[in-house]
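Reading through the structure tokens given below for one structure.
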Amino acid sequence: MTAPLLEVRGLRKFFPIAKGLLHRVSGHVRAVDDVSFVVREGEALGLVGESGCGKTTTARCILRAIRPTAGEVLYRMRDDRVVDLAPMSEADLVPLREDIQMIFQDPFGSLNPRMTLFDNVGEPLLVHGMSSRRARLDRVAEMLGLVGLRPEFMHRYPHAFSGGQRQRIGIARALVTGPRLVVADEPVSALDVSVQAQVLNLLLELQSRLRLTFLFVAHDLSVVRHICDRVAVMYVGQLVELATTEAIFRRPRHPYTAALMRAVPVPDPRVAGDDGILPGEVPSPASPPSGCYFHPRCVFAEERCRREAPALREVTQGHFALCHFAAELDLACASHV
Amino acid sequence: MHPTPTATDPLLRVRDLRVSFPLDEGTVRAVDGVSFDVFPGQVVGIVGESGCGKSVTMRAILQLIDPPGRVTSGEILYRQGTEPIDLVRLPPRGREMRALRGAEIALIPQEPMAAFSPVHTVGAQIIEAIMLHARQDGRKIGREQARAMTLDLFRDVGISMAAQRIDAYSWQLSGGLRQRAMIAMALSCKPRLLIADEPTTAIDVTTQAQILALLRELQHKYQMAVIFITHDLGVIARMANYVVVMYLGRVMEEGPVDDIFHAPLHPYTRALLRSIPSLKTETRTALPVIAGTLPHPFNRPPGCPFHPRCEDMLPKHCATAVPALHELGPRRSVSCFLHSDLAEPA
């Protein structure tokens, strides 16, 4: 087993709810509420959930785009020293930003339309002290080649490119500083089906070629299953299940994970799909239900689930679930993703 | 109510529809010869990637093409009573088209947030639609009666606490409830044809499963014909009886849903199905991809629009001639030279 590159411990991010004329804080949205997991060097960890579950907030805390309310984000540097990113100042974070980069969802919004590809992709190099234009030209050309674009395109503007090509440009920009950890937030969800496969293949190829570690934030389970070694499922700010991809799809241990898998429409008309549809809606992280957050929608819920919040426990080796009955429930046939 | 149609007559016949947008940079032929039928009580899925013309086809049926775009040729025959009327010939802002739109042919748009007015309650907007269409029919429905009908609709589409939700504004509702309210509005005049344009694209998966199940249930209950537009092959498989696959403004193939997924004929459909990750694909291995990218709309390839990306391209034919939509059997057609008798190239 490889050493953890990143360890998130007890991560919390609360956003204040301001009310009235004086903007008095009347409560908090508990966007991320006590989340812990490890990302091992060289693996792809999928962070899955529906909108509002806190997956993107978790990613933004790791990238330190926002400051966590509590908890630790422990990053192991190239010299094996472990630093906590959570309390660090902006200035102290700058050298670490070379190491931790991000691929964005929207290939249209994430590139500056007034900058050429050279400036878009090359800017991180400038920020990190590569002042020679010649050196930057060479590096950007190399990166464009790596993501399957012609280096001659370097002096064009983003509008000349399709969605899939722009996502390649975004990938080139994320990788130009030679990062070790790449956080990809829904990198293919804005793309057409035929282009999605091309970009997924590119990410897999780059991961093995550059020995990257991926934190892959996504809502599409079939995409996550294809690209990730392990999957973490979030619901209302909490981590509800974490296991290897193989284990979680073979036998999910949390009823929410099973319901999420069943909800994905299968591209086969011979598969009936209307059974076991999850009733109700995702509760607001500002006022979550008592006990287990999932109990109002759970068909297996008992009195205990209403009263007592479950703790994340290891059901089998490396398979964690946040459910009182994780060991007993048989959700094996739930998945057809 | 409406006269019961015989099952053999299509409710809607689209024949060789062409829509172009003359722009400064050139003319975009967004829909370039599309034909399909919609039978009463049946769900037709139109599937394709961005730029394939699926949404423009839908807007053409409703006569909602924004200028400078216009229908350049073709027919959209809608059967009202016994005589089919050609919607293309009706003035888009005329009385006849306005009486059809919403009442006979209703739309569920992709973004319910943008479709509802934020300054009127959702109830008021549905009540207005019911009263307006009743007036056009020469009937009279009072506000109280329309409100009672709206409450019934809310219960039909599974909105709990309907009496409170009817006076809510769209921005006070969750995404799932908002889409349910939109469905209630679309059904308010008991349409015979419902057009659903990516109705679950902006919605989370567990809510999507609920909305899809609801649409199936309502389609069955009201016996409506539905045109279901989506890019998601999983959604199509769950919803449609009959599928039209589009690419760059043309129909690649059409047929019963089982044929499209289990015996696809067109190389585009086959490649598209192969490229989606599923249980059958090996994890963490390269997926089979469709080579190249979607051409820019100003830069349509000559011949078959798919030929530059096609694995089975026939050099003598595909690059020069456009394959016609060739009928192979009842309700099964494909536009590909691999499946039609080839004339010797000139």
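Values in this text are rule-based calculations from the coordinates and carry no lab data. Just so you know, these numbers come straight off a predicted model, no measurement behind them. Cβ: placed from backbone, ideal geometry, glycine included. Neighbour counts: every protein chain shown.
Here are some notes:
- Test: A:LEU221 is closer than 18 Å to A:MET102 by Cβ and within 11 Å of another protein chain (Cβ to nearest Cβ): no
- Test: A:SER194 is within 9 Å of another protein chain (Cβ to nearest Cβ), assigned to a helix (DSSP H, G or I), out of contact with any helix residue (DSSP H, G or I) (no Cβ under 8 Å at 6 or more places or on another chain) and of a type outside the set (A, V, I, L, M): no
- Failed item, numbered, when A:PHE216 is tested on (1) surrounded by 24 or more Cβ atoms within 10 Å (Cβ to Cβ); (2) in a helix (DSSP H, G or I); (3) within 14 Å of another protein chain (Cβ to nearest Cβ): (2)
- Scanning region B:228-247 for residues that are within 22 Å of B:VAL71 (Cα to Cα) and either surrounded by fewer than 23 Cβ atoms within 10 Å (Cβ to Cβ) or in contact with a His (Cβ under 7 Å, 6 or more places away or on another chain) (or both) gives a single hit, B:VAL245.
- When we screen A:ALA31, A:ALA18, A:ALA59 for residues that are away from every other protein chain (no Cβ under 14 Å), outside any helix (DSSP H, G or I) and touching a residue at least 24 places away in the same chain (Cβ under 8 Å), the only hit is A:ALA31.
- For region B:265-281, residues that are more than 9 Å from chain A (Cβ to nearest Cβ) and either aliphatic (A, V, I, L, M) or without any contact (Cβ under 8 Å) to a residue 12 or more places away in the chain (or both) total 3.
- Residue list for region A:112-150, filter: of a type in the set (D, E, K, R) and outside any helix (DSSP H, G or I): A:ARG114, A:ARG150
- Top-ranked residue of region A:265-313 - restricted to ones that are under 14 Å from A:VAL240 (Cβ atoms) and not in a loop (DSSP other than H, G, I, E, B), ranked as farthest from the other protein chains (Cβ to nearest Cβ): A:ARG313
- Total residues in region B:192-218, condition part of a helix (DSSP H, G or I) and within 13 Å of another protein chain (Cβ to nearest Cβ): 13
- For region A:63-81, the set of residues classified as touching a residue at least 60 places away in the same chain (Cβ under 8 Å) and either in contact with a Pro (Cβ under 9 Å, 6 or more places away or on another chain) or in a loop (DSSP other than H, G, I, E, B) (or both) consists of A:LEU63, A:GLU72, A:LEU74, A:ARG76, A:ARG78, listed by residue number.
- Residue satisfying all of: in region A:109-150; surrounded by 12 or more Cβ atoms within 10 Å (Cβ to Cβ) and in contact with a His (Cβ under 9 Å, 6 or more places away or on another chain); farthest from A:ARG209 (Cα to Cα) among these: A:THR116
- B:PRO297 being more than 22 Å from B:PHE36 (Cα to Cα) and touching a residue at least 60 places away in the same chain (Cβ under 8 Å): yes
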